[in-house]
1. Output the 0 to 90 degree angle, nearest 10, between the alpha-carbon long axis of helix 2-17 and the longest principal axis computed from the alpha carbons of the chain.
2. In this model, which of LYS120/LYS146; LYS52/LYS89; LYS120/LYS142; LYS52/LYS146 are farther than 19 Å apart at the alpha-carbon?
3. Amide H to amide H under 5 Å from HIS110: which residues, 5+ apart in sequence or cross-chain, H placed 1.01 Å off N in plane?
4. Report the residues of segment 103-139 in range of a label on GLU73: point 7 Å along Cα→C-beta, backbone N strictly under 17 Å from it.
5. Would you compute, from DSSP H runs of 4+ residues alone, the mean residue ellipticity of the chain at 222 nm, taking -39500 (n - 2.57) per run and dividing by the full residue count, rounded to the nearest 500?
6. Using θ = phi - 60° and the Karplus form 6.51 cos²θ - 1.76 cosθ + 1.60, what ³J(HN,Hα) does each residue of segment 76-88 get, whole Hz, x for Gly and Pro?
7. Given a Förster distance of 30 Å, report the FRET efficiency between ASN101 and ARG33 from their Cβ-Cβ distance, rounded to the nearest 0.05.
8. Return the equivalent ellipsoid semi-axes of the chain as a descending list in whole Å, where each equals the square root of 5 times an eigenvalue of the C-alpha gyration tensor.
Amino acid sequence: WLIFGGVTLVAFIIVLAINAFSHGHHPPSDLNRVVPAMVDQTAPFDQPGLVKKGENKYDLNMPSFAFGYAPAEQVIPLGAEVTFRTTSKDVIHGFAIPGTNVNMMVVPGHVNTATTTFTKAGEYMVICNEYCGAGHHMMMAKLVVK
Ligand code: CUA
């Protein structure tokens, strides 16, 4: 039974290694990789903010960095369907908007997106829920839906 356990363990490790290294496991990303140091020069993150995409549909391009998001405050029309798009300029961050379905991990080099519809007016916070350094607790942005 010890041999059976050992062989099974080795088989699992081989499957894991094949998946990780040859198939390439990556977080979801709808754009090509972005070099963290080049985020400010890479579209669409060179112009952070809201972009109209259709009838009450928007993209909100919002790069994450230690310790904040750009823009720090954003007005969003009530009822808008917003696709948040973010990437990190430095380390791993979180991107969560309490009260909505938006809760992403922001991994340097990758672009992550989440879509939500704001049906209630008010102020929402974007907060970082991954410990990212000394200023982690201050990392936030404000969304004003009206
Ligand atoms: Cu960014 Cu914690």
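FYI, it's all coordinate maths here, none of it is from the lab. Just so it is clear, the model here is predicted, and its values are computed rather than measured. Note that we place each Cβ from the backbone using ideal geometry, even for glycine, and neighbour counts take in every protein chain shown.
1. Around 40 degrees separate the two axes.
2. Among LYS120/LYS146; LYS52/LYS89; LYS120/LYS142; LYS52/LYS146, the Cα-Cα distance tops 19 Å for LYS52/LYS89.
3. Placed amide hydrogens put VAL34, SER88 under 5 Å from HIS110.
4. Residues 122-127, 139 fall inside that zone.
5. On the way: 1 runs with 16 residues, N = 146.
Result for the chain: -3500 deg cm²/dmol, rounded to the nearest 500.
6. Result, rounded to whole Hz: 10, x, 4, x, 6, 8, 10, 9, 7, 10, 9, 8, 9.
7. Working: r = 26 Å, r/R0 = 0.85.
Here the calculated transfer efficiency is 0.75.
8. Values: eigenvalues 244, 57, 51 Å².
Over the Cα atoms of the chain, the ellipsoid semi-axes are 35, 17, 16 Å.
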